[in-house]
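K.L.:
Input: one structure, supplied below.
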Amino acid sequence: MADYFVDSTRGDDTNGTGAWKAALTGTITMTNGSTAVSAVGGAFTSELWAGAWICLDADETSDVWAQVSSITDDNNLVLVSNYTGAGGSGPASKLANWKTVEHADEAGGLAAGDIVWLRRGGSEYPVSDIAPTGDGTGASPIQRIGWPRAAKTLTGNWVNGYPCVWGLSIVANRSEHQTRRIRLDADGKWYMITHIGQELAYDGQSADFVVGETVTGSASGATGVIVYDDDQGTSGTLILQNVQGTFVDNETITSTSGSATANIPSGTVGCFIIDRKFSGTSTSAGASTMQEDDDYSTRPDIGSLRTIWDADGDAPYVIDFAGGAYNIYFNADNYNILKNLEFKDTADGAGHVMFAYSAAGAIIGCLFKTTYSARCIGQTTDYLYLERVTAENDGVTAYYTRDGIGVGAKGVLYAKDVAVYNCGGYGLDVNGGTAILENVNIGVEGANQDADIAIYYSGQVFGRDVQLGGTNGYVEDASYVSPRKLVSIENFQKELGRQKQWFRGGEIHNVDVGDTNAPSVADPTGKTTDLMEILPNVSGFDFIEEWAVDIFTGEEDGVNGARTYTLYIQNNTGNTLNASTAKDDLWLVAEYVSQYSANDAYTVERVFSAETLIAQRADATDWDSLSVTINAAVASKVRLKLYISTYSATGGIYVGGLAVS
């Protein structure tokens, strides 16, 4: 387990060892204002090279490393420019950093537990795939970490119910903080910065703007989506996201509802779009904090390393593929992690980063941007963990390979605090794998050119606190048979208690009595809230029994003897359900132990509901039911399942409570 260092300005892939620095032999003399360096007992010819960086140890904290121009002999060399340190005679060192992640991964001999630290503000431009060769372990992964940033204090305006922080006290380089967490100190809750928006001040307002509308500049043609309007009467400030183009001062700005004149003599100002609506108390110029990066407290402390690298700006290390069809390809490379990095402009359809046939990988605190026909992140047949990740394309060119994140066959994705937007294809493409989402935005900060989520083959998505933009569709699924729900989201659209599911053939919502089209009275069990609304509104999926979709499964433990289960329903499809047989459209199944002699000698039986000719409801008070009766031979579990195999273009089925007798 070792620490290695990459400095794209002062590193050297040919001669560096990856260490921070290495001592030089002998006593070294360096003089302020001079390019001449001498030594007593030196070994310059074997230890140094043209381009190496050296410094007296006494001057190291001043970051006055000087580059070697030429080496005369073991005791004499010439610098590229005059030495700026205090100078003197004594021990000296050379920098031993590598120059690129590519070299570290392909030739660095990385092993379990190793960490490669990358200096902020650096960049590299690979001209071929980066092909890591090392394997970590579950307990000791190999990590590549952009040098962690300290916590940062600032002030900003926070408005209850809106996903933005504006009027920021930090003036420059706001974009460097995308993917960081921020809080209003008095509130204490952390939010992720998913997008850099713009403040568009206006005056001369003749009609009010409306949040969610697109505002357009009459002269510039620039556009942006309104997130918040700080309306002060005839003047105010629009907070915009997904701005395309550049607004100009004094042009007329209009949306469907609003009209005013841009008042931006110095141009628009950047602001933060956050991952969800602020739930605290509105505060102007509130004291705020951006959280320190992971690993800040454990970053290496070697010589003057912290002093020098901590002083750098907040811009992350960038791996820029510059339109080349290259990426970082973890091919059967196990347990690897990427942190605090930015990836740009790959044209490789597999993505900037691809994990394939690897036991596990993780991407944390990283930003992905491309203007080319490529996805941002890809994986297959492995487990990939994402946290504080933003994946965005340019939002202009529609192309099927330009998905945000792809999950391949047998892959499992766990994404937490992630935003995916402006993709030329799908936001999330689950092609046979499984995605688990927690606090995720897809197509919210900017519209995706295709559906936000695509499901193929046996793909599935399970989510909590997931918001979808839905501009070009929420979920798209391929025409394959599946008895399972494709997408299931708790707190859909980040609305507490709102449930949403997609199955092959339609959607499921939770509704209450009295909601639009819902039952108007409680069912016979007295249930009035969280009724299930099934909308079988996708044609072509009214299958035979063996291919029907399992809408939900419920269980009761410790059942012994006879039981009847009655599930209350309302049919508002406009059709008669189960017109010919009890398993045409909608039926209930119970699985139970019907015969038992020992724990390894028993029979599980399935019984089906027998109801047919379930008519379209007469009105919203008209409840029907499905029932099954079992007789369990031993105290055991009973599993109930509701199956559907029907189509209705405009109506649905409502499911109430379950009665047990």
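K.L.:
Out of all the residues in the range 13-48, which are aromatic (Phe, Trp, Tyr) and either loosely packed, with under 14 Cβ neighbours inside 10 Å or under 46 Å from the mean Cα position of the chain (by Cα) (or both)? Talk me through it step by step, then tell me what you get.
P.N.:
Here is the first cut: in the range 13-48, the ones aromatic (Phe, Trp, Tyr) are 20, 44.
Result: 20, single match.
K.L.:
Would you check if residue 523 is in a loop (DSSP other than H, G, I, E, B) and under 24 Å from residue 638 (Cβ atoms)?
P.N.:
It is true that residue 523 is in a loop (DSSP other than H, G, I, E, B) and under 24 Å from residue 638 (Cβ atoms).
K.L.:
Which of the residues spanning the range 611-660 are exposed (fewer than 14 other Cβ atoms within 10 Å of the Cβ) and either within 21 Å of residue 507 (Cα to Cα) or at pLDDT below 95 (or both)?
P.N.:
Matches in the range 611-660: 635, 649, 650.
K.L.:
Does residue 235 satisfy being polar (S, T, N, Q), open to solvent by 20 Å² or more (accessible area, probe 1.4 Å) and touching a strand residue (DSSP E or B) at 6+ places or on another chain (Cβ under 6 Å)?
P.N.:
yes
K.L.:
If only one of 248, 269 is at pLDDT below 95, among the aliphatic types (A, V, I, L, M), more than 30 Å from residue 4 (Cα to Cα) and open to solvent by 50 Å² or more (accessible area, probe 1.4 Å), which one is it?
P.N.:
Details: 248 fails: at pLDDT below 95.
It is 269.
K.L.:
A follow-up question, please. Can you tell me which of 417, 403 is touching a Gly at 6+ places or on another chain (Cβ under 6 Å), charged (D, E, K, R) and touching a residue at least 24 places away in the same chain (Cβ under 8 Å)? Quick ask: steps written out before the conclusion?
P.N.:
Numbers: 417 fails: touching a Gly at 6+ places or on another chain (Cβ under 6 Å).
Among 417, 403, only 403 is touching a Gly at 6+ places or on another chain (Cβ under 6 Å), charged (D, E, K, R) and touching a residue at least 24 places away in the same chain (Cβ under 8 Å).
K.L.:
Sticking with this structure for a sec: For the condition part of a strand (DSSP E or B) and either in contact with an Asp or Glu (Cβ under 9 Å, 6 or more places away or on another chain) or in contact (Cβ under 8 Å) with a residue 60 or more places away in the chain (or both), what is the one hit in 253, 239?
P.N.:
239
K.L.:
For the range 76-103, what are the residues that are part of a strand (DSSP E or B), small (Gly, Ala, Ser) and surrounded by 19 or more Cβ atoms within 10 Å (Cβ to Cβ)?
P.N.:
92, 93
K.L.:
Could you please find all residues in the range 455-468 being of a type outside the set (S, T, N, Q), out of contact with any Leu (no Cβ under 6 Å at 6 or more places or on another chain) and crowded, with 24+ Cβ neighbours inside 10 Å?
P.N.:
459, 461, 468
K.L.:
Using the structure shown, decide if residue 186 is modelled with pLDDT of 95 or more, farther than 21 Å from residue 389 by Cβ, touching a strand residue (DSSP E or B) at 6+ places or on another chain (Cβ under 8 Å) and hydrophobic (A, V, I, L, M, F, W, C).
P.N.:
yes
K.L.:
Further, regarding this structure: I'd like the full set of residues that are of a type outside the set (Ser, Thr, Tyr), open to solvent by less than 10 Å² (accessible area, probe 1.4 Å) and farther than 19 Å from residue 299 by Cβ, limited to the range 334-360.
P.N.:
Of everything in the range 334-360, those that are of a type outside the set (Ser, Thr, Tyr), open to solvent by less than 10 Å² (accessible area, probe 1.4 Å) and farther than 19 Å from residue 299 by Cβ turn out to be 336, 343, 351, 352, 353, 355, 356.
K.L.:
If you don't mind, another one. Can you run down the residue pairs with Cβ atoms below 9 Å, 6 or more apart or on separate chains, where the first is in the range 176-193 and at positive phi and the partner is assigned to a loop (DSSP other than H, G, I, E, B) and surrounded by 21 or more Cβ atoms within 10 Å (Cβ to Cβ)?
P.N.:
From residues that are at positive phi, the pairs are 179/316; 179/340; 179/365; 179/366.
K.L.:
Being surrounded by fewer than 22 Cβ atoms within 10 Å (Cβ to Cβ), outside any loop (DSSP other than H, G, I, E, B) and small (Gly, Ala, Ser) is the requirement here; does residue 169 meet it? Can you show your working first?
P.N.:
Numbers: surrounded by fewer than 22 Cβ atoms within 10 Å (Cβ to Cβ): yes; outside any loop (DSSP other than H, G, I, E, B): no; small (Gly, Ala, Ser): yes.
Here the answer is no, as residue 169 does not meet what is asked.
To keep it simple, each residue is scored yes or no on (1) within 24 Å of residue 659 (Cβ to Cβ); (2) open to solvent by 60 Å² or more (accessible area, probe 1.4 Å); (3) polar (S, T, N, Q).
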{"site": "527", "(1), (2), (3)": "yes, yes, no"}
{"site": "562", "(1), (2), (3)": "yes, yes, no"}
{"site": "566", "(1), (2), (3)": "yes, no, yes"}
{"site": "572", "(1), (2), (3)": "yes, no, yes"}
{"site": "598", "(1), (2), (3)": "no, no, no"}
{"site": "604", "(1), (2), (3)": "yes, yes, no"}
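K.L.:
Against the condition open to solvent by 10 Å² or more (accessible area, probe 1.4 Å), in contact with a helix residue (DSSP H, G or I) (Cβ under 8 Å, 6 or more places away or on another chain) and hydroxyl-bearing (Ser, Thr, Tyr), how does residue 133 come out, does it pass?
P.N.:
So residue 133 passes the test.
K.L.:
Please return the ranges of strands (runs of 3 or more DSSP E) entirely within the range 3-75 where 1 or more residues are of a type outside the set (A, V, I, L, M) and touching a Lys or Arg at 6+ places or on another chain (Cβ under 7 Å).
P.N.:
Correct list: 21-23, 53-56.
K.L.:
OK, next. Considering only residues of the range 413-426 that are modelled with pLDDT of 95 or more and not aromatic (Phe, Trp, Tyr), which is surrounded by the fewest Cβ atoms within 10 Å (Cβ to Cβ)?
P.N.:
416
K.L.:
Check residue 117 against each of (1) open to solvent by 10 Å² or more (accessible area, probe 1.4 Å); (2) hydrophobic (A, V, I, L, M, F, W, C); (3) part of a strand (DSSP E or B) and name the one condition it does not meet.
P.N.:
Residue 117 satisfies all of (1) open to solvent by 10 Å² or more (accessible area, probe 1.4 Å); (2) hydrophobic (A, V, I, L, M, F, W, C); (3) part of a strand (DSSP E or B) except (1).
K.L.:
Now for a different question. Looking at 93, 38, 62, which is the one that is out of contact with any strand residue (DSSP E or B) (no Cβ under 8 Å at 6 or more places or on another chain) and either within 21 Å of residue 305 (Cα to Cα) or of a type outside the set (Asp, Glu) (or both)?
P.N.:
62
K.L.:
Across the range 272-304, which residue is nearest to the chain's Cα centre (by Cα) among those that are open to solvent by less than 60 Å² (accessible area, probe 1.4 Å), at pLDDT 95 or above and closer than 29 Å to residue 57 by Cα?
P.N.:
Checking each candidate, the answer is 295.
Conditions tested, residue by residue: (1) in contact with a Ser or Thr (Cβ under 8 Å, 6 or more places away or on another chain); (2) within 19 Å of residue 447 (Cα to Cα); (3) of a type in the set (S, T, N, Q).
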position: 184; (1), (2), (3): yes, no, no
position: 193; (1), (2), (3): yes, yes, no
position: 202; (1), (2), (3): yes, no, no
position: 205; (1), (2), (3): yes, no, yes
position: 219; (1), (2), (3): yes, no, no
position: 225; (1), (2), (3): yes, yes, no
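K.L.:
Moving on. Would you mind stating whether residue 311 is open to solvent by 20 Å² or more (accessible area, probe 1.4 Å) and either modelled with pLDDT of 95 or more or over 26 Å from residue 424 (Cα atoms) (or both)?
P.N.:
yes
K.L.:
Follow-up. Yes or no: residue 206 part of a helix (DSSP H, G or I) and in contact with a strand residue (DSSP E or B) (Cβ under 6 Å, 6 or more places away or on another chain)?
P.N.:
No; evaluated as a whole, the condition is false for this residue.
K.L.:
Under 6 Å between Cβ atoms, which residue pairs at least 6 apart in sequence (or on different chains) link something in the range 634-658 that is over 27 Å from residue 526 (Cβ atoms) with a partner that is of a type in the set (A, V, I, L, M, F, W, C)?
P.N.:
Pairs that qualify, where the first residue is over 27 Å from residue 526 (Cβ atoms) and the partner is of a type in the set (A, V, I, L, M, F, W, C), are 634/593; 636/593; 645/543; 645/548.
K.L.:
Regarding the range 65-74, can at least one residue be identified that is more than 22 Å from residue 305 (Cα to Cα), surrounded by fewer than 18 Cβ atoms within 10 Å (Cβ to Cβ) and either in contact with a helix residue (DSSP H, G or I) (Cβ under 7 Å, 6 or more places away or on another chain) or of a type in the set (A, V, I, L, M) (or both)?
P.N.:
So the first thing to find is which residues in the range 65-74 are more than 22 Å from residue 305 (Cα to Cα), and the list is 69-74.
Narrowing further to those that are surrounded by fewer than 18 Cβ atoms within 10 Å (Cβ to Cβ): 69-70, 72-74.
Pick out the ones that are also either in contact with a helix residue (DSSP H, G or I) (Cβ under 7 Å, 6 or more places away or on another chain) or of a type in the set (A, V, I, L, M) (or both) and you get 73-74.
Among the residues of the range 65-74, at least one is more than 22 Å from residue 305 (Cα to Cα), surrounded by fewer than 18 Cβ atoms within 10 Å (Cβ to Cβ) and either in contact with a helix residue (DSSP H, G or I) (Cβ under 7 Å, 6 or more places away or on another chain) or of a type in the set (A, V, I, L, M) (or both), which makes the answer yes.
The values are calculated or read from the model by the stated rules, or taken from the named source; none is laboratory data. A quick note: this is a predicted structure, and the numbers were derived from the prediction, not measured. With ideal geometry, Cβ positions are generated from the backbone for all residues, glycine too; neighbour counts draw on all protein chains shown. For the accessible areas, the whole protein counts, side chains as well, though only heavy atoms, and no ligand, DNA or RNA atoms are used. Shrake-Rupley method; radii C 1.70, N 1.55, O 1.52, S 1.80 Å.
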